[in-house]
Amino acid sequence: MSDRPTTIDDHDPLANNILRVLQDFIDEIGDRECTGHFDKVVDGNFYLKGKHLTQEPERFIEDYLVFPILKQALGYSLRPRPKQYAPRWPKSGGIPDFCVTSIPVDVAMQNDLRFFGEVKPPKKIERAHDDMEEYLDSDLDIHAVAILSDGFDWELWVRPRNHTIEELENPYAKASLRDSLKMVRTRNMAIDSYRPHKVRNQIDVDGFSAFEFDAVMSVIHDEFGMERLSN
């Protein structure tokens, strides 16, 4: 084994990309002077509160954690809050938090495929489950892939056309940032020494590799029998 010093290039690119997003996220927590509040969320039974963030928690998590992970680490392009992207929910119903535009919307619709997602504040992933079940069971005549996240926990759901949620075993894949966030938050703590390489080694690369765009395209091919649909 070589004695040369380890460099960032020696590590998994996915882990590096996730680490950069986590560091930026924790820096934003520090800039908003709510490090103590976030510590209570990570360590205890507290929930993220808008009065500390000066922003709604769900939007904050979208802007500074979930969307950057999706775009910068996992390779997606997104459209937030797509109006009636599909399924064809009743006009009085909800709108998903984002759709994936890495597969052009017109191409997805022509192939009866919908790729979208739901974001909730930390520790409220069950609310994403409820919304997703309602979305998917409202229009069974499409193939659907969905990403659910509360920032901490991530789930990939796959629903072939003409199948109800009850017939399937979802989530198709899972990953978590909980342990990584517990470590990277020490960037904001003067009493602790922050070690990026320890955080990088803690990142759930095996879990998140199933969420990368190319990996999900393989799922779409295998589960729905579709060829590659992206640009």
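Some observations on this one:
- Failed condition for Glu166, given (1) modelled with pLDDT under 95; (2) surrounded by 15 or more Cβ atoms within 10 Å (Cβ to Cβ): (2)
- Taken over the stretch 90-129, the criterion of being among the charged types (D, E, K, R) and more than 17 Å from the chain's Cα centre (by Cα) is satisfied by Lys91, Asp106, Asp112.
- Residue satisfying all of: in the stretch 139-153; in contact (Cβ under 8 Å) with a residue 60 or more places away in the chain and either assigned to a loop (DSSP other than H, G, I, E, B) or out of contact with any Leu (no Cβ under 7 Å at 6 or more places or on another chain) (or both); farthest from Asn170 (Cα to Cα) among these: Gly151
- Condition check for Arg161 on (1) touching a His at 6+ places or on another chain (Cβ under 6 Å); (2) crowded, with 17+ Cβ neighbours inside 10 Å: one failure, at (2).
Each row is one residue, and each column tells you yes or no for (1) modelled with pLDDT under 90; (2) outside any helix (DSSP H, G or I); (3) open to solvent by 40 Å² or more (accessible area, probe 1.4 Å).
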{"site": "Lys40", "(1), (2), (3)": "no, no, yes"}
{"site": "Phe46", "(1), (2), (3)": "no, yes, yes"}
{"site": "Glu58", "(1), (2), (3)": "no, no, yes"}
{"site": "Tyr64", "(1), (2), (3)": "no, no, yes"}
{"site": "Pro68", "(1), (2), (3)": "no, no, no"}
{"site": "Ala86", "(1), (2), (3)": "yes, yes, no"}
{"site": "Pro90", "(1), (2), (3)": "yes, yes, yes"}
{"site": "Ile103", "(1), (2), (3)": "no, yes, no"}
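- Residue that is nearest to Lys49 (Cα to Cα), among those in the stretch 105-120 that are outside any loop (DSSP other than H, G, I, E, B) and of a type outside the set (A, V, I, L, M, F, W, C): Glu118
- Leu136 being touching a Pro at 6+ places or on another chain (Cβ under 9 Å), closer than 21 Å to Cys99 by Cα, at pLDDT below 90 and assigned to a helix (DSSP H, G or I): yes
- Taken over the stretch 202-218, the criterion of being more than 14 Å from Ile103 (Cα to Cα) and surrounded by 15 or more Cβ atoms within 10 Å (Cβ to Cβ) is satisfied by Gln202, Ile203, Asp204, Val205, Gly207, Phe208, Ser209, Ala210, Phe211.
The values are calculated or read from the model by the stated rules, or taken from the named source; none is laboratory data. Computed from a predicted model, the values in this text were never measured in an experiment. Here Cβ is always computed from backbone atoms with ideal geometry, including for glycine, and neighbour counts include all displayed protein chains. Ligands, DNA and RNA are excluded from the accessible area calculation, which covers all protein heavy atoms including side chains. Shrake-Rupley method; radii C 1.70, N 1.55, O 1.52, S 1.80 Å.
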